[in-house]
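The values are calculated or read from the model by the stated rules, or taken from the named source; none is laboratory data. It should be emphasised that the depicted structure is a prediction, and the values quoted were computed from it without experimental measurement. All Cβ positions, glycine included, derive from the backbone under ideal geometry; neighbour counts span all protein chains shown.
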Amino acid sequence: MSQRKMRLATVWLDGCSGCHMSFLDMDERLIELAEKVELVYSPFVDAKDFPQDVDITLVEGSVSTEEDLHKIRLIRDRTKILVAFGDCAVTGNVPAMRNRFRLKDIMERVYSQNSTHKNDPPVDGIPALLPKVRPIHEIVKVDVFLPGCPPKAEAIYFVLKELIEGRIPDTSQLSRFGA
Amino acid sequence: MRAPVRIKTLTIDGKEVSAKEGETIWQVARENGIDIPTLCYLEGLSPVGACRLCLVEVKGANRLLPACVTQVEEGMEVTTNSERLVNYRRMILELLFSERNHTCSVCVVNGHCELQRLAQRLGVTHVRFPYRYPDLPVDASHERFAIDHNRCILCTRCVRVCDEIEGAHVWDVMGRGIKSQIIADLNQPWGTSDVCTSCGKCVHVCPTGAIFEKGKAVAEMEKRRQFLPYLTIMRGGKQ
Amino acid sequence: MTVDELQQLVAKEQEAKQRYKSCINVCVATGCIMCDSERVKEAIEEAVKERGLEKEVIVKGVGCLGLCSAGPMIYVEPEGIIYHKVSPEDAPAIVQGLISTPVERLVCPSEMPFFKRQVKIVMENSGTIDPERIEDYIAVGGYQALMKVLTEMSPSEVIEEVTKSGLRGRGGAGYPTGLKWSTVAKANGDRKFVVCNADEGDPGAYMDRTILESDPHRVIEGMVIAAYAVGAQQGYIYVRAEYPLAIKRLRTAIRQAERLNLLGNNIFGTTFSFHIELRIGAGAFVCGEETALIASIEGKRGTPRPRPPYPAEYGLWGYPTLINNVETFANIPSIIRNGGDWFAKIGTEKSKGTKVFALAGRVVNTGLIEVPMGITLREIVFEIGGGIPEGRKFKAVQTGGPSGGCIPEQFLDLPVDYESLTKVGSIMGSGGMIVMDETSCMVDVAKFFVEFCMSESCGKCIPCRVGTYHMHELLSRITSGIATMRDLELLEELCDLVKNTSLCGLGQTAPNPVLSTLRYFRNEYEAHILDKSCPSGVCPIRRLEEVPV
């Protein structure tokens, strides 16, 4: 086997970035991982476009906007193993709490009733919100689910280690919905 | 004179066990260190066999039997944990998560929830069914407690504890099917109930964050159940 | 009433009938009333009066004549002429027809297989007696079986006779009636109850309603005999509020039977007493399930509970309770009168007697039929039913309502009995039979029944409450053309769960329409999913791009 490093990407859709913070909490284990993977796309690095031929992508956040929808389909096309990373990606979680309301009502509440400036909702250069927030597996096929809000650093480390070793990890005992 | 206790012998998951006549499979399994999952059954309350998580395989029976209401019989061979059963249990939990808005991360019982704990124990890492996101109310009209229907799984423990133990019968179920909902009295705000004694038993038997004490923040609410067996024994053992 | 009085009443009634030369029987069961048969009856009475024939012609409201799609129906005795699609304007012609020749354009050929191929036990009096007159029922031998039971037989002899007949529960499951009776008879209890389940709720099925509207005393007689056999003192008829006419006729029948002391204390002067009360259901399908029905009679929320204990041992208020369906009770008087052996000669080895079906859907003759067990589906659909209208092609026949399944053409020669229908993935059920032709989409049919179960689920157990919801969602995705093969896999897995883990029969059988259509018409599911098309042109397929996420 060649020593080719695995191409890893992490993506931040509609989430609070807490899962990425937890990723950073792997601390010194990040150095160990860096020897085995190349981080080709991530909020942590400067790449602008999602590259081709990614081995593993961790997706934090739910699919909430047109942009998220476009991205997740692109990511699925270009990724071998897609990991739903954290509760927002797995269940919809907090972003999905708006789903019980109509989008129009939410916009009105935020941009007219509760706003001091009574502005119209912004439209230019901002992706439109989808009527419902969805967990990513409702849009594309997901290979590994890692629930948790956020998943602990240990769980993330275990998942990545297993995937690097070519195994699909059993995440059920590592983490749970909500924590 | 008391009738002599009859003993039945049976096997549970290949283990030979003995039990008193009249005991249920669930009780005997528990006595022998086998914890059969359940969300509606609670010792001290009458069993209803509604959550279907405690279904077990009994050799010779042509269907699965709920362990919480099935009495042991001589020579029974019970399997509590086959792959088929585990798959069914997982799917039942998935159905529950999809039914209402269980946002664990912001729930008062996060970390102390029976539904959440069971999901982890049974390896439910995601829900394959589309979430329903129903529009359900939170009733915080009671002085000390609140009921959040988003977290309710309709186990009816609250209904039973209030009726059978407290004797107030504040809670009941209205509607049917997916539209079923727990109601206070004649579907009125909990705080306006004349019969509620504010005893808090419903709060503590509730397996999820549906009924909780006010003033608790995320993950702060823990349920205390110790009172229940004590109360039932004191009341002459309806257990 | 004494035995002699009963015989006197029979003689008196028969004599009275002989005084008339003709009898015009107008159907006044719900089906024909919907097509204005009450006005037809009035018009005929008027016409009889105008011609001054009141002393020779009697006009009678009777029960169902079967061919409900061609109502209002009229049956003229003693000539045996059947008229169909009669309007009030036809009244003078019909009365004139008694004297001259029958009204050709209204005559329904009584030789047609629809009438010829039927064998009537439960419906034997339907169409000839006035359901609102107990004397009519008595005149044709009614309450003779009860008299025989109370004066000549012991309870165990009655049970033996029923056991010998091989009668099985007509509510759908086919549990041997004799066995059920003996279980209740043997059960210990200070009190026992007999309950008649008249909470018929399958879409398209109206057998029980029609029996109650056409011959209510028959059911009451069956119940009293059952009560004597099992030792019950009190009976309930649980009938749904959607059947106002059946309720009205039952009320009348109970009052009449009480007046003649065929119900009440010391029936026929014996020590046996039995009372019947009506309980009106509020329209929940699940209350047809026996434990939910019991809860509802007790005044509680109508939800089922796990069995065992079965109602035979632990039923109403904890006492041993016999619960049988309307049609089951309606068979009893005939079995007692003619003997269990007589009954056992009709039908197949394991399914005895006849079964009433509500034949509906894409078939020429729709209505209520009573056929011997063992008749083939082909005979029912193509002979009795008269085949598929407009030369279209037969596709399937659905039996057993929302708990049943769809049976394809390859099984048309299957004998209709409990075992055969179960073997091909359907059930006998209570008697709904819906014929479908090539214009029916089987996925859409499955979706219809699942939607019914979803809205009728009581909500107590999770697999039924939430499972039927998601089954419906998945089927809706398929019929909208937005489903993937993964959705189909999930649907199959979900059906397996709901079938095997639900608390009561409603949930356990709710997947049957899906499973049976998947078994025989999988290609239709795949066409919706893979080709994004509905082969029958029923489902509104949307393009994926149009569907909001």
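What to note about this one:
- Where strands (runs of 3 or more DSSP E) fall wholly inside segment C:364-440, the ranges with 1 or more residues that are over 18 Å from the mean Cα position of the chain (by Cα) and surrounded by fewer than 22 Cβ atoms within 10 Å (Cβ to Cβ) are C:394-399, C:405-408, C:432-437.
Results for (1) in contact with a strand residue (DSSP E or B) (Cβ under 7 Å, 6 or more places away or on another chain); (2) of a type in the set (G, A, S), shown as yes or no for each residue.
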| site | (1), (2) |
| --- | --- |
| B:I165 | no, no |
| B:V170 | yes, no |
| B:S180 | yes, yes |
| B:T197 | no, no |
| B:E220 | no, no |
| B:R225 | no, no |
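- Matching entry among C:G166, C:G63 (being among the small types (G, A, S), modelled with pLDDT of 95 or more and outside the structural domain of C:E327 (by TED's automatic domain parsing)): C:G63
- Test result for C:T468, more than 10 Å from chain B (Cβ to nearest Cβ) and among the polar types (S, T, N, Q): no
- Note on segment C:145-222: enclosed helices (runs of 4 or more DSSP H) holding 3 or more residues that are of a type outside the set (S, T, Y) and closer than 26 Å to C:S296 by Cβ are C:177-186, C:207-214.
- Against the test of being of a type outside the set (S, T, N, Q), within 14 Å of another protein chain (Cβ to nearest Cβ) and surrounded by fewer than 15 Cβ atoms within 10 Å (Cβ to Cβ), the options A:P95, A:P122, A:P127, A:P151 yield a single qualifying residue, A:P127.
- Residues being more than 13 Å from chain B (Cβ to nearest Cβ) and either part of a loop (DSSP other than H, G, I, E, B) or out of contact with any strand residue (DSSP E or B) (no Cβ under 8 Å at 6 or more places or on another chain) (or both) - total across segment A:154-179: 8
- Some residue of segment C:227-238 being under 30 Å from C:R362 (Cβ atoms) and in a helix (DSSP H, G or I): no
- Within the option set C:V443, C:V514, C:V450, being under 28 Å from A:I139 (Cβ atoms), of a type outside the set (D, E), within 14 Å of chain B (Cβ to nearest Cβ) and within 31 Å of the chain's Cα centre (by Cα) holds for one residue only, C:V450.
- Pair list, Cβ under 7 Å, 6 or more apart: segment B:121-142 residue free of Cβ contacts under 8 Å to residues at least 40 places away in the same chain and surrounded by fewer than 17 Cβ atoms within 10 Å (Cβ to Cβ), other residue part of a strand (DSSP E or B) and not aromatic (F, W, Y): B:V138/B:A146; B:V138/B:D148
- Matching option when the condition is out of contact with any His (no Cβ under 7 Å at 6 or more places or on another chain), without any contact (Cβ under 8 Å) to a residue 60 or more places away in the chain and in the same structural domain as B:Y133 (by TED's automatic domain parsing), among B:R63, B:R30, B:R90: B:R90
Condition check ((1) surrounded by 24 or more Cβ atoms within 10 Å (Cβ to Cβ); (2) more than 10 Å from every other protein chain (Cβ to nearest Cβ); (3) basic (K, R)) across all residues:
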{"position": "C:I482", "(1), (2), (3)": "no, yes, no"}
{"position": "C:V498", "(1), (2), (3)": "yes, no, no"}
{"position": "C:Q508", "(1), (2), (3)": "no, no, no"}
{"position": "C:S533", "(1), (2), (3)": "no, yes, no"}
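- Tally of residues being in contact with a Ser or Thr (Cβ under 8 Å, 6 or more places away or on another chain) and away from chain A (no Cβ under 14 Å) across segment B:211-229: 0
- Sole exception among (1) of a type in the set (G, A, S); (2) in contact with a Cys (Cβ under 9 Å, 6 or more places away or on another chain); (3) under 27 Å from A:F177 (Cβ atoms); (4) more than 14 Å from chain C (Cβ to nearest Cβ) for B:S180, by number: (4)
- The helices (runs of 4 or more DSSP H) found entirely in segment C:454-544 that carry 1 or more residues being more than 18 Å from C:G401 (Cβ to Cβ) and in contact with a His (Cβ under 8 Å, 6 or more places away or on another chain) are C:462-479, C:485-501.
- Residues of segment B:66-117 satisfying the condition of being among the β-branched types (V, I, T), more than 17 Å from B:K216 (Cβ to Cβ) and within 9 Å of another protein chain (Cβ to nearest Cβ): B:V69, B:T70, B:I92
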